[in-house]
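For reference, the structure discussed in these notes is given below.
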Amino acid sequence: MADRITLGVLVSGRGTNLQAIIDACEQGTIDAKVAVVISDKADAYALERARKHGIAAVHVPVGKYGTPAYERADAEQLRILKEHGVQLVCMAGYMRKLGPRVLDAYPGAVMNIHPALLPSFPGAHGQPDALAYGVKISGCTVHFADAEFDQGPIIIQAAVPVVEGDDADTLAARILQQEHKIYLQAIQWFAEGRLRIEGRHVRVLDAEQPPAGQAIISPPLQIEERWP
Ligand code: GRF
C-alpha cells in the first residue's frame, strides 16, 4: 500500500475517465484521492460528476493559446491545484494545451490520456483518424504531458483490434474501456513511486513484462502455423 496521492483532474467534457478514477479512489483500487476537478467548459458533465462525489469542481475559462487570458488561466489553474494540495495532475479529456506555469510547477507529474497508439493519430480526432487511415489495430496511450499536444514520454498503452463494420463510435467505445484501465494503472504506479522518466522513456520499476511472443493480430491468421 502506498500513501494516497492527491489528484487534480483537468477535463473538458463528459468525464468517463474522471468517473473511473473517482470510483477507483473510492473503492481503494488506487492509492489516490481526487481533490479538485477543473474544466475549461462551464457545462462539462465532468463537473457534475465531481460534485456528486463531493469533489471541488471549478470552471476556469481559457482564452486562446498565447493570449493574456490564456496566461491568466494558467496562473489560476496553478493557484487552484496548489490550494488543493495536488501532487499529480491528470488530464482526462482536457482539450487544451497546458500553460508553462502548471507544467513548471509539476515536473514529471502531469499525465494525459489519448485515444490512439501514439505517436500515431495525435490531436482531437484520434479514433476517426485511425479508422479513416485503415489501421487494423488501434488503442490508447497514457503519457506524461509536456507543452505540446500528445507528445510526452509514454507510460502505458493498450491495443485493440479494429473490426469489420466499426464506425468511429464503436471503435471509440472499445478503446474507452481500455482507457479506463490503463489510466488507473499509470496513476497507481505514480502513487507507488515506480515511474522513472529517462529522456523519452518511462521505466516502471519492478514492472511485469508481457510475454515476448504475445501479439494481437488483426484480422486473425487463417493459415496454419508450420514450424520447421
Ligand atoms: C477520451 O477518449 C480521452 O482519451 C480523450 O478524450 C476522451 C475523453 O472522454 N482525450 P471522457 O471525457 O473521459 O469520457
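Any read-out appearing in this document is the output of simple, stated calculations on the displayed coordinates, not a laboratory observation. Quick caveat: nothing in here was measured; it's all calculated off a predicted structure. Backbone-built Cβ (ideal geometry, glycine too); neighbour counts: all protein chains shown.
At a glance:
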{"quantity": "Which numbered condition Val102 misses (of (1) within 15 Å of the ligand (Cβ to nearest atom); (2) part of a helix (DSSP H, G or I))", "calculated": "(1)"}
{"quantity": "Unmet criterion (only one of (1) within 16 Å of the ligand (Cβ to nearest atom); (2) touching a Lys or Arg at 6+ places or on another chain (Cβ under 7 Å); (3) in a strand (DSSP E or B); (4) under 19 Å from Trp189 (Cβ atoms)) for Ile113", "calculated": "(2)"}
{"quantity": "Given (1) closer than 24 Å to Gly99 by Cα; (2) free of Cβ contacts under 8 Å to residues at least 12 places away in the same chain, number of the condition Pro122 does not satisfy", "calculated": "(2)"}
{"quantity": "Ile80, sole failed condition from (1) surrounded by fewer than 22 Cβ atoms within 10 Å (Cβ to Cβ); (2) under 17 Å from His180 (Cα atoms); (3) in contact (Cβ under 8 Å) with a residue 60 or more places away in the chain; (4) not hydroxyl-bearing (Ser, Thr, Tyr)", "calculated": "(2)"}
{"quantity": "Set Gln157, Gln177: member being closer than 19 Å to Gly123 by Cβ and not β-branched (Val, Ile, Thr)", "calculated": "Gln157"}
{"quantity": "Within segment 162-184, considering residues that are in a helix (DSSP H, G or I) and β-branched (Val, Ile, Thr), the one farthest from the ligand (Cβ to nearest atom)", "calculated": "Thr170"}
{"quantity": "Boolean, Ala73 is surrounded by 21 or more Cβ atoms within 10 Å (Cβ to Cβ) and away from the ligand (no atom under 16 Å from the Cβ)", "calculated": "yes"}
{"quantity": "First in segment 17-41 and in a loop (DSSP other than H, G, I, E, B), second anywhere and of a type in the set (D, E, K, R) and within 13 Å of the ligand (Cβ to nearest atom), Cβ under 9 Å, 6 or more apart", "calculated": "Thr29/Asp23; Asp40/Arg96"}
{"quantity": "Selection status of Ser39, within 15 Å of the ligand (Cβ to nearest atom), crowded, with 24+ Cβ neighbours inside 10 Å and small (Gly, Ala, Ser)", "calculated": "yes"}
